[in-house]
Amino acid sequence: MKGFVTRVLVVGVVFGAAFAAMTGRAVAAADDEMVLFRADQSLAQAIGKADKTAVGALLDENFEWTDTNGKTWTRAQVLQNIANFKIESEADWTHSYAHVGVVLNIHHSPRFAHIWVKRPAGWRAFVYLDTPIPVAPATPAPLHHYDENSVCNNPCKTVPYKPTTAADRAIITTWLKAKIAEWHPDPDVWTIPTGDEFLIINDLPRLKDGIAMKAERVAQLVKAKEQGVVGVPGDPVTSMRMTDIGGDGVVIVSHHVPRNGGKPYYNIRVWVYRDGRWQIVVSQQTTIKDAPPADIKSTLPM
């Protein structure tokens, strides 16, 4: 684990140097990031004290919290059962964008992803997700030789969601291309819509400590392309909702079933618009433990 923490610290140093070299706009962004960090701390403290008034003031009206078992709680349910919730430690990774903020803890158990949105009254917690750290050693999924006859409709050509905004349409189109670039390994295509700070986090042992950074994911795709092999297509989406925040941020909440069978899982993704395109900055998932295993036949490539 220390190795991973070191990698994150190195990235933090790089980001810190970049911030220091930027103009006053970056300084303002850093100040906003500190406001976000303090809001997250305040909410953690209020939850620890079971202060419903203080907690309620910091929760968005559409707030949801998914725990380590994959059970999702609404705002009203969290306030009603506040003694059941806690945040184990302070954040390690905080990044604010124009209207969306991401706060992560990446070295305690469980990990958490806190997604905040900026409202007229200030930052409000929008989606919280707890993810257990896998205890088994990393066991990368084996790569398979490309099958010219294999087909992937969901999530390579379509997903069960009808976009209603230009942002949603652009993100879905971009994301589908990225899923194909994962399946037919094309690191050049995959890296375009992926932010430099990108992190993917899950509770599966396929990733070391259940987490991977952009550079690691790109290295996997490069190796697969060089060897002429690919993995199975991405897991089908069973449901999805997209929330546009301020015109330059979108939070996606989706449910998936493993293509090779197993329990479904809950996923959150954060996309931001910058440099003229949409980029994903965080993807985190948690298995829904109380759900029955998916039917393998229904999850085979379509």
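Are there any GluC sites (Glu not before Pro) in the range 35-105 that are in a DSSP loop and have at most 15 other Cβ atoms within 10 Å? List them by number.
Of the GluC sites (Glu not before Pro), the ones in loops of the range 35-105 whose Cβ has at most 15 other Cβ atoms within 10 Å are Glu88, Glu90.
Averaged over residues, the count of other Cβ atoms within 10 Å places the peptides 41-49, 124-132 in the sequence 124-132, 41-49, highest first. Within a straight-line Cα-Cα reach of under 20 Å, Lys157 can be paired with the following lysines, leaving aside sequence neighbours fewer than 8 residues apart in one chain: Lys177, Lys179, Lys297. Under 5 Å between amide hydrogens, built in the peptide plane, is the criterion, and for Ala294 it picks out Gly262, Lys263 among residues at least 5 positions away or on other chains. Under a 5 Å amide H cut-off, with hydrogens placed 1.01 Å from N, Ile245 pairs with Val250, Val251 among residues at least 5 apart or on other chains.
Note down the net charge around Thr74, summing +1 for each Lys or Arg and -1 for each Asp or Glu among other residues with Cβ under 13 Å from its Cβ.
-2
Can you check what the net charge comes to around Arg124, using other residues whose Cβ is under 10 Å from the Cβ of Arg124 (Lys, Arg +1; Asp, Glu -1)?
0
Here the 3J(HN,Hα) profile of the range 185-195, calculated from phi with Karplus coefficients 6.51, -1.76 and 1.60 at θ = phi - 60°, is x, 9, x, 5, 6, 5, 6, 4, x, 10, x Hz, Gly and Pro shown as x. Bridge orientation summary for the range 175-302: considering DSSP beta bridges with both residues in this region, about 90 percent are antiparallel. When only Cα pairs below 8 angstrom with a gap of at least 6 residues are kept, the range 144-299 shows a relative contact order of 24 percent. Summing Lys and Arg as +1 and Asp and Glu as -1 over all other residues whose Cβ lies under 13 Å from the Cβ of Pro193 gives a net charge of +2.
Bear in mind these aren't lab numbers, they're just calculated from the coordinates by the rules spelled out. Just so it is clear, the model here is predicted, and its values are computed rather than measured. Note that we place each Cβ from the backbone using ideal geometry, even for glycine, and neighbour counts take in every protein chain shown.
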